[in-house]
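*Asks:* Handing you a structure now.
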Amino acid sequence: MNRALSFPARTVAHLAGSGGELDDLLALERAGAPLALVALPAAVEDSLYRYNNLPARLARLFAEVDPFDPDEDLVEEAEGPALALLGEAYLLDDVIDAVYEALAWLPDDLVVRRPGERAGEPATGRRGVLLAMKALMRRDWRAESVLARLERHASVAVDARPVIAHAQAAAPDAGLSRLGSDALGRRVTVYAFEGGVTGVQ
């Protein structure tokens, strides 16, 4: 296994300094709250992009789009081929093994989401997590997402990002929310599954 792509379960310490919800989760972890999630680092998504040469292939699809004055029709025409590229992409076996190892203790009914976002993709089992991760990546290449990036950054490029996997049955927990509010110095809602934190909002 490629140890650079291995990561622990039930912690976000390996993603310290990432900001947003991940830092909030780390504060709860340090305050003694158990975590019931797996945080997959951006390196997993990055490996899929790089191994399948997706940055160059996606850039070619949008080559005719003027980043400073994008033609919406051109962006929409590129959406289908871009989504197809993501659908065909695959990970190396050692990356898959690292993901499966980290997810082994989770239940089968899962959700995979971006840190800071409540809406995610449902997943069944460990293979389902990989499919859900690709579904999140595909969202980045829908026309509306590409147009939003062009407006903000004048570029279609997207950075690889972490994802969080946890039980779908996670729900707000009053006790952990009090602990989280004390630890973070602001009022938050903490979501949990069987006493373990799955998210902070």
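*Asks:* Quick check on this structure: which one of ALA78, ALA43, ALA9 is modelled with pLDDT of 95 or more and either open to solvent by less than 40 Å² (accessible area, probe 1.4 Å) or small (Gly, Ala, Ser) (or both)?
*Replies:* One residue alone meets the criteria, ALA78.
*Asks:* Is the stretch 104-124 home to any residue that is among the β-branched types (Val, Ile, Thr), more than 13 Å from THR198 (Cβ to Cβ), buried (at least 18 other Cβ atoms within 10 Å of the Cβ) and at pLDDT 95 or above?
*Replies:* no
*Asks:* Regarding the stretch 131-143, can at least one residue be identified that is open to solvent by less than 20 Å² (accessible area, probe 1.4 Å), assigned to a helix (DSSP H, G or I) and in contact with a Ser or Thr (Cβ under 8 Å, 6 or more places away or on another chain)?
*Replies:* Among the residues of the stretch 131-143, not one is open to solvent by less than 20 Å² (accessible area, probe 1.4 Å), assigned to a helix (DSSP H, G or I) and in contact with a Ser or Thr (Cβ under 8 Å, 6 or more places away or on another chain), which makes the answer no.
*Asks:* GLU21 is checked against (1) outside any helix (DSSP H, G or I); (2) within 20 Å of MET137 (Cα to Cα); (3) out of contact with any helix residue (DSSP H, G or I) (no Cβ under 6 Å at 6 or more places or on another chain) and fails just one. What number does that condition carry?
*Replies:* So GLU21 meets the others, but not (1).
*Asks:* Also, I was wondering about something else. Working carefully through the options GLU144, GLU151, find the one that is under 24 Å from LEU48 (Cβ atoms) and modelled with pLDDT of 95 or more.
*Replies:* One residue alone meets the criteria, GLU144.
*Asks:* Still on this structure, I have one more. Pick from TYR51, TYR90, TYR100: which is surrounded by fewer than 14 Cβ atoms within 10 Å (Cβ to Cβ) and under 30 Å from LEU25 (Cα atoms)?
*Replies:* TYR90
*Asks:* Something else: Please work out which one of (1) touching a residue at least 24 places away in the same chain (Cβ under 8 Å); (2) surrounded by fewer than 14 Cβ atoms within 10 Å (Cβ to Cβ); (3) not acidic (Asp, Glu) is the condition VAL38 fails and give its number.
*Replies:* Result: VAL38 passes all but (2).
To keep it simple, each residue is scored yes or no on (1) in a strand (DSSP E or B); (2) over 26 Å from THR11 (Cα atoms); (3) of a type in the set (Gly, Ala, Ser).
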site: ALA59; (1), (2), (3): no, yes, yes
site: VAL65; (1), (2), (3): no, yes, no
site: ALA78; (1), (2), (3): no, yes, yes
site: TRP105; (1), (2), (3): no, no, no
site: VAL111; (1), (2), (3): yes, no, no
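*Asks:* Right, here's the next one. Starting from the stretch 166-193, keep only residues that are free of Cβ contacts under 8 Å to residues at least 40 places away in the same chain, then list their pairs with residues that are exposed (fewer than 13 other Cβ atoms within 10 Å of the Cβ) and assigned to a helix (DSSP H, G or I) whose Cβ atoms are within a distance under 9 Å, requiring at least 6 positions of separation or different chains.
*Replies:* Final answer for the pair search is none.
*Asks:* Among the residues of the stretch 138-177, how many are among the aliphatic types (A, V, I, L, M) and either touching a Leu at 6+ places or on another chain (Cβ under 6 Å) or within 22 Å of LEU37 (Cα to Cα) (or both)?
*Replies:* 10
*Asks:* OK, next. Restricting attention to the stretch 146-172, which residues are over 18 Å from the mean Cα position of the chain (by Cα) and either assigned to a helix (DSSP H, G or I) or of a type in the set (Val, Ile, Thr) (or both)?
*Replies:* Those that are over 18 Å from the mean Cα position of the chain (by Cα) and either assigned to a helix (DSSP H, G or I) or of a type in the set (Val, Ile, Thr) (or both): LEU147, ALA148, LEU150, GLU151, ARG152, HIS153, VAL156.
*Asks:* Could you give every pair whose Cβ atoms fall below 6 Å, whose first residue belongs to the stretch 96-122 and is acidic (Asp, Glu), and whose second residue is assigned to a helix (DSSP H, G or I) and at pLDDT 95 or above, counting only separations of at least 6 or pairs across chains?
*Replies:* Close Cβ pairs satisfying both conditions: GLU121/ALA132; GLU121/ALA135; GLU121/LEU136.
The values are calculated or read from the model by the stated rules, or taken from the named source; none is laboratory data. All of these numbers come straight from a predicted model, not from anything done at the bench. Every residue, glycine as well, gets a Cβ built from its backbone with ideal geometry; the counts of neighbours run over all protein chains shown. Quick note on the areas: whole protein, heavy atoms, side chains included, nothing else; ligands and nucleic acids left out. Shrake-Rupley method; radii C 1.70, N 1.55, O 1.52, S 1.80 Å.
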